[in-house]
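Here, each number is a calculation from the coordinates, and none is a lab measurement. In this text, all values refer to a predicted model and were calculated from it rather than measured experimentally. Neighbour counts are summed over all protein chains in view; Cβ atoms, including those assigned to glycine, are modelled from backbone coordinates with ideal geometry.
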Amino acid sequence: MPSTPLTRLDDIASLLAGSGTRLYGGEAISQLQHALQSAHAAEQAGASPALITAALLHDLGHLVCEQGDEDVTNGINDHHEAVAVHSLQHLFADEVLQPIALHVAAKRYLCAVQPGYHAALSPASQASLLLQGGVMSAAACQRFAARPWAADAVLLRHCDDLAKDPAASPPPLAHYLAIAANVLKATP
Ligand SMILES: [Fe+2]
Ligand SMILES: [Fe+2]
């Protein structure tokens, strides 16, 4: 697993405000815009502060890896959900980490169980699905749905899918960092 885990919220702010200005691969917006729009969608859906934070940070692994999101052109699955969890493990508890860990699996799950979901995915997200294991089997869907954080991961995924609008103007990063600060794990 690359890099050492982050230990300060300021590290996240630097990543998002710096590398986050890169394009969100295959989409017409930056990584930072995608993060903000995801968090905004979660906030508007009435999600908990922990899930809003998870939405903000779900693709942080792409920035840590310094790869483009949905790195389809290289035929590489960067396992960015696992990279994000590794990076954030000292800062947040499972209520933030687990929905992030499951957000790729949630896409594979929704493609299997929700009619029309796959067809509505962006072309980049449809292409990356193949690198991420494709549509889940029925047995895998049952196992996924039984996991403790599956419902939060599915909500995060819907927020993720909404967060690709070049014309959106979500609240600024400072608004969501303040929410994240309230769900930081207690220092050991
Ligand atoms: Fe992602
Ligand atoms: Fe995303």
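One line per residue, one yes/no per condition, for (1) away from ligand 1 (no atom under 11 Å from the Cβ); (2) under 17 Å from the mean Cα position of the chain (by Cα); (3) buried (at least 21 other Cβ atoms within 10 Å of the Cβ):
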{"position": "D78", "(1), (2), (3)": "no, yes, yes"}
{"position": "A84", "(1), (2), (3)": "no, yes, yes"}
{"position": "L91", "(1), (2), (3)": "yes, yes, yes"}
{"position": "G116", "(1), (2), (3)": "yes, no, no"}
{"position": "L121", "(1), (2), (3)": "yes, yes, no"}
{"position": "S137", "(1), (2), (3)": "yes, no, no"}
TODO: Kindly establish whether A174 is under 19 Å from A54 (Cα atoms), more than 16 Å from ligand 1 (Cβ to nearest atom) and in a helix (DSSP H, G or I).
DONE: yes
Open item on the list: I need the full set of residues from segment 46-60 which are surrounded by 22 or more Cβ atoms within 10 Å (Cβ to Cβ), more than 10 Å from ligand 2 (Cβ to nearest atom) and not aliphatic (A, V, I, L, M), in order please.
Closed with: T53
Open item on the list: I'd like the residue in segment 159-176 that is crowded, with 18+ Cβ neighbours inside 10 Å and not charged (D, E, K, R) and, out of all such residues, is nearest to ligand 2 (Cβ to nearest atom).
Closed with: A163
Open item on the list: I'd like the full set of residues that are touching a residue at least 40 places away in the same chain (Cβ under 8 Å), in a helix (DSSP H, G or I) and either under 13 Å from L173 (Cα atoms) or not hydrophobic (A, V, I, L, M, F, W, C) (or both), limited to segment 44-64.
Closed with: P49, I52, T53, A55, L56, L57
